[in-house]
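The values are calculated or read from the model by the stated rules, or taken from the named source; none is laboratory data. What you see is a predicted model, and the numbers here were worked out from it, not measured in a lab. Cβ placement follows ideal geometry from the backbone for every residue including glycine, while neighbour counts extend to all protein chains displayed. These area figures cover heavy atoms from the full protein model, side chains too; ligands, DNA and RNA do not enter into them. Shrake-Rupley method; radii C 1.70, N 1.55, O 1.52, S 1.80 Å.
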Amino acid sequence: MVRKVYVEVTAKFDTEGNITPLSVTWEDGTVYEIDRILDKRRAASLKAGGIGMRYTCRISGQRSYLYYEEPRWFVEGKR
């Protein structure tokens with residue numbers, strides 16, 4: 001089973017209004033740097049529900065989805 005895990009995100013906002021997430025702070029306070037953004041598109045989280053901008057990220061060598069569902073960020077986490 002999967003749940004939405006709301007996370008704190010440090011992001012860069014440019015003058016064109018583009019958002020680039022730089023790091024994610026997990027529920028326990030651990031900060032994970034985003035190595036690279038692989039893709040960005042409007043998409044639904046089919047596992048946890050909700051829709052927003054989905055960032056496909058590489059974090060610590062692992063591929064992860066990070067969602068921006070205004071005004072909050074979430075990742076898919078295990079229950």
Inset, instruction - For the chain, build the convex hull from the C-alpha positions and give me its volume per residue in Å³. - result: 91 Å³
Legend entry - List Arg63, Arg54, Arg3, ordered by accessible area with a 1.4 Å probe, largest first: Arg63, Arg3, Arg54
Legend entry - Simple spin-label estimate for Thr20 and Glu70 in nanometres, 7 Å along Cα-Cβ: 2.2 nm
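Restrict the search to the chain; then list the chymotrypsin sites (Phe, Trp or Tyr not before Pro) that DSSP places in a loop and that have at most 16 other Cβ atoms within 10 Å of their Cβ. Walk me through the intermediate numbers first.
Values: sites: Tyr6, Phe13, Trp26, Tyr32, Tyr55, Tyr65, Tyr67, Tyr68, Trp73, Phe74; in loops: Trp26.
Sites meeting the loop and neighbour criteria: Trp26.
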Inset, instruction - Could you tell me the number of lysine pairs in the chain with C-alpha atoms less than 22 Å from each other, where the two lysines are 8 or more residues apart or belong to different chains? - result: 5
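Taking all protein chains together and a probe of 1.4 Å, list Val31, Val9 from the most accessible to the least accessible. List each step's numbers first, then the result.
Working: Val31 80, Val9 30 Å².
Per-residue accessible area, sorted high to low, gives Val31, Val9.
Given a 1.4 Å probe and heavy atoms of the protein chains only, how would you sort Lys47, Lys12, largest accessible area at the top?
If we order Lys47, Lys12 from most to least accessible, we get Lys47, Lys12.
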Legend entry - region 1-25-region 32-79 distance, computed between alpha-carbon centres (Å): 8 Å
